[in-house]
Amino acid sequence: MTDLLRVSVKQLEMAYNCPRKWAYHYLEGVPQVEGEALAVGNAVHDQMKKLILGEPVKYGPETFVGKMCRELFSNYVKNESGRHVPEIIKQVQLPEYRLQVDLRADYLDRPTFKDWKTTGAKTKGAKLPVPGGGTKFWCLQSLENDFQANIYAFLLMRDHWEGQRELQAQ
């Protein structure tokens, strides 16, 4: 069998939205600059994982990241199944597309998976002002029509929970 190209869901989204950007970054090795959104997103992901596991956190409750995580935790972490996990990492093979996809969702409480999304872009859901004031607000993005959420749902339903007909994304 031919080797499968290993990609992440984020790579698939980048290739879908801008094939040239994907080629520059993943084929040519041109590094991406970590901007404010990526730095905040990485901090939120790390903090949420620690909160769910009950481990000591890096950011206090009054910091910007702490406030964002408190909002996420109180609204989205429910543990309705009694078996929730802070992160699901899975490799799904799609030989028909010659791909192996790294699936990484931030929270799983069967049958619902969640992926923490933060953005500094203007949106109706913006709730958290940027530290230091100003007119910019951060929000927690919905995954209703998100490319990544749709790929996750497809991969999870296809490979992980055979027979399950519905998977919710938040």
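Check whether at least one residue in region 79-93 is in contact with a Ser or Thr (Cβ under 7 Å, 6 or more places away or on another chain), under 23 Å from Asp146 (Cβ atoms) and among the acidic types (Asp, Glu), and report yes or no. Spell out how you get there, then give the answer.
In the first step, residues of region 79-93 are kept if they are in contact with a Ser or Thr (Cβ under 7 Å, 6 or more places away or on another chain); the result is none.
The answer is no, given that none of the residues of region 79-93 is in contact with a Ser or Thr (Cβ under 7 Å, 6 or more places away or on another chain), under 23 Å from Asp146 (Cβ atoms) and among the acidic types (Asp, Glu).
Report every pair of residues separated by at least 6 positions or lying on different chains whose Cβ atoms are under 9 Å apart, first residue within region 24-52 and touching a residue at least 60 places away in the same chain (Cβ under 8 Å), second open to solvent by less than 40 Å² (accessible area, probe 1.4 Å) and among the small types (Gly, Ala, Ser).
Going by the 9 Å Cβ cut-off, the qualifying pairs are Glu36/Gly120; Ala37/Gly120; Val40/Gly120.
Under the condition of being charged (D, E, K, R), assigned to a helix (DSSP H, G or I) and modelled with pLDDT under 90, which residue from region 1-45 is nearest to Glu71 (Cα to Cα)?
Here is the first cut: in region 1-45, the ones charged (D, E, K, R) are 3, 6, 10, 13, 20-21, 28, 34, 36.
Now drop any that are not assigned to a helix (DSSP H, G or I), which leaves 10, 13, 20-21, 36.
Subsequent filtering for residues that are modelled with pLDDT under 90 retains 10, 13, 36.
Values: Lys10: 24, Glu13: 27, Glu36: 20 Å.
Ranking the candidates gives Glu36 first.
Take region 46-56 and flag every residue that is in a helix (DSSP H, G or I) and of a type outside the set (D, E, K, R).
Taking region 46-56 first, the residues in a helix (DSSP H, G or I) are 46-53.
Gln47, Met48, Leu51, Ile52, Leu53, listed by residue number.
Counting residues that are loosely packed, with under 14 Cβ neighbours inside 10 Å and modelled with pLDDT of 75 or more, which strands (runs of 3 or more DSSP E) fully inside region 57-170 reach at least 2? Working first, answer last.
On the way: elements: 88-94, 99-105, 107-109, 112-114, 137-140.
Fully inside region 57-170 and qualifying: 88-94.
Looking at region 1-33 only, could you name the residues that are in contact with a Phe, Trp or Tyr (Cβ under 7 Å, 6 or more places away or on another chain), closer than 20 Å to Gln100 by Cβ and open to solvent by 40 Å² or more (accessible area, probe 1.4 Å)?
Step one: of region 1-33, the residues in contact with a Phe, Trp or Tyr (Cβ under 7 Å, 6 or more places away or on another chain) are 9, 11, 13-16, 30.
Filter again for closer than 20 Å to Gln100 by Cβ, leaving 9, 11, 13-16.
Correct list: Tyr16 only.
When region 34-52 is examined, which residues are found to be among the acidic types (Asp, Glu) and surrounded by 13 or more Cβ atoms within 10 Å (Cβ to Cβ)? Working first, answer last.
Our first condition is that a residue be among the acidic types (Asp, Glu); within region 34-52, this holds for 34, 36, 46.
The answer is Asp46, and nothing else.
The values are calculated or read from the model by the stated rules, or taken from the named source; none is laboratory data. All values derive from a computational prediction rather than experimental measurement. We place every Cβ from the backbone using ideal geometry, glycine too, and count neighbours over all the protein chains shown. These area figures cover heavy atoms from the full protein model, side chains too; ligands, DNA and RNA do not enter into them. Shrake-Rupley method; radii C 1.70, N 1.55, O 1.52, S 1.80 Å.
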